[in-house]
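*Asks:* Take a look at this one; I'll ask things after.
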Amino acid sequence: MEEDDDELPSPSDPSDSSDEDNRYESESESESYDDDDNGNGNEDDEPSTVHRALPKDDRKSQNVDALVRGNLIVKRQSLLPRVLSVTDRAAVVRKPFKPPCHNGYSDQNEQLIRRLWARKRFIPWGSTRPALVAITNRLNVPSAAEKEVLEEIVNLPPGVEPLVLWQPEECKEAAGDLVPISVDPLLVRFLRPHQREGVQFMFECVSGLYSAANINGCILADDMGLGKTLQSITLLYTLLRQGFDGKPMVKKAIIVTPTSLVSNWEAEINKWVGERVHLVALCESTRDDVVSGIDSFTSPRSRLQVLIVSYETFRMHSSKFNHDGSCDLLICDEAHRLKNDQTLTNRALASLSCKRRILLSGTPMQNDLAEFYAMVNFTNPGILGDAAYFRRYFETPIICGREPSATEEEKRLCAERSAELSAKVNQFILRRTNALLSNHLPPKIVEVVCCKLTPLQSELYNHFVHSKNVKRAITEEMKQSKILAYITALKKLCNHPKLIYDTIKSGSPGTSGFEDCLRFFPPEMFSGRSGSWTGGEGVWVELSGKMHVLARFLSQLRQRTDDRIVLVSNYTQTLDLFAQLCRERRYPFLRLDGTTSISKRQKLVNRFNDPSKDEFVFLLSSKAGGCGLNLIGGNRLVLFDPDWNPANDKQAAARVWRDGQKKRVYIYRFLSTGTIEEKVYQRQMSKEGLQKVIQQEQTDKAKDQGNFLSTEDLRDLFTFRENVRSEIHEKMSCIRCQNYDAVVDDMLDEVNEVDGARSTNEGCQSDQEDIGGFASISGCLHKLQSSEKQVGAPLEEDLGSWGHHFFPTTVPDAIFQASAGEEVSFVFTNQIDGKLVPVESMKSPKTQGVEGNKEESGSKKSLRQKSMFSSPQQSLPSVSSDVGFVQNMLPTSRTPIQRSNLKSARSSLKGTLHVASKPKLSIGNQLPQKRLSPEPINDDDFQ
């Protein structure tokens, strides 16, 4: 039996058999098949063929006989011999499908067009896999959507100038073939001045105008909230439609983002340009869908222009983009993911044959200059030399010159190399700070709150740092993983001892320093029978200094305002404690962490931002939701624990001060005094100082300023300083506060002199501006001394110019004043101005009666005795802009309160504070009782 090997598009395809291949007949059949073998005989021959056909039985016997003798030949004839001839074989069947109408498709048949185009897969005869047959007959009849786009004309509003990115020079002879490139008015009308500048900058970098400097890519390093996404979409849309010669400069573009932002990018593109751009977004797709989507995008005849894909998906399918022309423009969002050039993701993207690369990152400088070099070298390979040259010529001199012990020669060399590096990288790096947001957002205040450890935490901390294993880790070379486990254990202890209890019970790494530590925990925390953790009917809150301050703060915030708050932590165990606190006190809350599905996340965000919903707390994991979320429904945010990487904290803190925010914004950083948390934050400031290297405008002060922390100080992680108000402030050797001890002593001796001392400073304070009006609305403007006022508008890492507060009563935040307590030892404040007039917080009517009675009945006697700022019998007012109203509601018995405060301050400053061996806890009836109530939000609502 003989068959040919031609490719078959369908079982009924007659082109598989030709005259030459299938003209063999058995001798027994030769007379029976005298009709035309080609299947194209005359119509008159057909009846005769049927008439001469052998009877069925005779034909069967002859076929059997021929089969036995081996003379049987199978012949295939066309299914429709009078309609389709087999002479042209495969060429006929591969012709494009012809429209049923002689005039082509009409506008009303758009749905039919889509159905016919979609039928591209056929299963050949004898094959189990479909054969992809490219359809080449692209009709010149535009779809209805394309017609609508072409007919739409957008005019610029009055006063908005067009944005021309490039204009051909008239003097050049070839200028006649070139056309100007300008941004479509559809997008120009929405661009702010700094965004117009950003689009122009990116165009000049990726269009080859800097080809002499070997620049084809750029890094847009604007702070969070400045609209990097809109700027990128504007440039993308422009390059997809225009070029120097009138043809599109970019035909295929790939946008690589974190998984959680794939759908956000798709929504943003549809929001700004609609269906004018053909895109495919691979989000939560099966592997088959991903492969199909990538194949459709890379097909030369595909209409798809943009592919939105996650870093992980691109890494797994990077081999599909190896051929030329697969990508003309690469956009990497949250590009600090590329800080390590040894990762598989970085290598996969670097191998892409695309020179035009745009990196978007609000935090390009994170940990060190080596990571910064990796990002720069990815953007424009080789522009700073190889890694060894960069390390020798730039990194080493700059790091050495920033040390406090650096010589004058080292500082001079550091300044020279920093200026040289800055000049090179600023050709293709554009960075603007969020100070630009002040024109469109309300005022913001950042407060770094230092909280003392409780007696239980202090005992556990001292026991751990003096254990044999930790001492051996400091003095000997141990595995890095073990040291990191010890650091993590200390950070968890600062959050709450309950995390250490869980660690001990689970036997996780890092527990070797906590042997026999369960004896330190008060017996009220455990069940009498089983010995399991019960929390002491809500008393567990008092076991942590930071948690105690947070609990009082939430209570005051819920009673006195309608503000909503975001609580951020690096540990899900801490989020569990937040959730327990909210359940016990009946605070409505939502939670987003690593276990939350992508589809559910946006629903949680929308619910929190909906003012009609009675939501109060949003629990956020900094690792899972720190990037890209817009939580403008809340105007207060607490960073409960610091991260080694300042970018993670900055990303999380930027969730609430964004476009759409109408209220004053309060950002709180909680640090445990004298512990590893202060050292982590010191390390953050040291890393942030490197940011000046890549900033174009450097003041003389910034150029001269190095680290106030040496490398040895940063390595000294396992020491605990109990009797300091703030280790960060102490290491600053702050000139503004150097005489504060003497002032405190004088205030203790003569309390009446306090008002006089403050009144002498009022003259100089009245000349200083209360940025954002925070001090005025909190009623502490008249109390501020010179050191408690910030100097100008300092940077985030310039804590020396922030306001320094030894007493919470001078912090320009009424809610914090009322809830700080004795646990707060020191506060740094930085007020940031905003041109948008804020909507002042009001008392929530839903909680005015119920919450007030509930919290008052559950308030603790110990809290009343500790409170320095409010009278226990007096109901505190709502936050209001009326300064006089706030001042009148403050406690009137100020003298004894100040005296007690100053005594405790003096004992703390002099180092005479002694920690009790056992914590004194209030019991059941002094705290709100645990209430058995269902979860505020059912997870099924977001499935």
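*Asks:* Measuring from label point to label point, each 7 Å out along Cα→Cβ, what is the Ser61 to Val160 span in nm?
*Replies:* Taking the simple label geometry, Ser61 and Val160 are separated by 9.1 nm.
*Asks:* Sticking with this one: Ile153 to Tyr393: FRET efficiency via 1/(1 + (r/R0)^6), r the Cβ-Cβ distance, R0 56 Å, to the nearest 0.05? Mind showing how you got there, number by number?
*Replies:* Working: r = 54 Å, r/R0 = 0.97.
The value I calculate is 0.55.
*Asks:* If I model a spin label as a point 7 Å beyond the Cα along the Cα-Cβ vector, how far apart are those points for Ser285 and Met316 in nm?
*Replies:* 1.2 nm
*Asks:* Relative to the present Cα-Cα distance, how much length would full extension add between Ile598 and Cys400 at 0.36 nm per residue of separation?
*Replies:* In short, 66.8 nm is gained.
*Asks:* Over its Cα atoms, what ratio of radius of gyration to 2.2 N^0.38 Å does segment 162-381 give?
*Replies:* Normalised by 2.2 N^0.38 Å, the Cα Rg of segment 162-381 equals 1.00.
*Asks:* Taking 0.36 nm per residue of separation and subtracting the Cα-Cα distance, what length does fully extending Leu518 through Lys271 add?
*Replies:* Once the chain is fully extended between Leu518 and Lys271, it gains 83.3 nm.
*Asks:* Also, I was wondering about something else. Please give, to one decimal in nm, the separation of the simple spin-label points placed at Asp833 and Ala435, each 7 Å out from Cα toward the Cβ.
*Replies:* Calculated label separation equals 1.1 nm.
*Asks:* Assuming a ≥ b ≥ c are the square roots of the Cα gyration tensor eigenvalues, decide whether segment 547-696 counts as rounded (a/c under 1.5), prolate (otherwise, with a/b larger than b/c) or oblate.
*Replies:* Verdict is prolate for segment 547-696.
*Asks:* So if the hydrodynamic radius of segment 236-298 is defined as the Kirkwood radius over C-alpha pairs, what does Stokes-Einstein give as its diffusion coefficient at 20 °C and 1.002 mPa s, in µm² per second?
*Replies:* So the translational diffusion coefficient is about 164 µm²/s.
*Asks:* Residues in segment 581-618, backbone N under 13 Å from the label point at Trp533 (7 Å along the Cα-to-beta-carbon vector): list them, ranges by number please.
*Replies:* 581
*Asks:* Report, in listed order, any pair from Lys471/Lys650; Lys444/Lys662; Lys505/Lys623 with a Cα-Cα distance greater than 22 Å.
*Replies:* Correct reply: Lys471/Lys650; Lys505/Lys623.
*Asks:* Determine, at each q value in 0.09, 0.14 (inverse angstroms), the log₁₀ of I(q)/I(0) that the Debye formula gives when each Cα of segment 319-450 is one equal point scatterer.
*Replies:* -0.37, -0.80
*Asks:* Okay, moving on. What is the gain in length, in nm to one decimal, between Asp245 and Val68 on full extension, counting 0.36 nm per residue of separation less the C-alpha to C-alpha distance?
*Replies:* Numbers: separation 177, 0.36 × 177 = 63.72 nm, distance 7.25 nm.
Full extension of this stretch gives 56.5 nm more.
*Asks:* Evaluate E = 1/(1 + (r/R0)^6) for Asn340 and Glu408, where r is the Cβ-Cβ distance and R0 equals 35 Å; express this FRET efficiency to the nearest 0.05.
*Replies:* 0.50
*Asks:* Right, next: For segment 331-388, what number results from the quotient of the Cα radius of gyration and 2.2 N^0.38 Å?
*Replies:* On the way: Rg = 10.5 Å, N = 58, 2.2 N^0.38 = 10.3 Å.
The value comes to 1.02.
Where a number appears in this text, it was derived from the coordinates with a stated rule and is not lab data. Please read these numbers as outputs of a predicted model, since none were measured by experiment. Because the Cβ atoms are built from the backbone with ideal geometry, glycine has one as well, and the counts that use them run over all protein chains shown.
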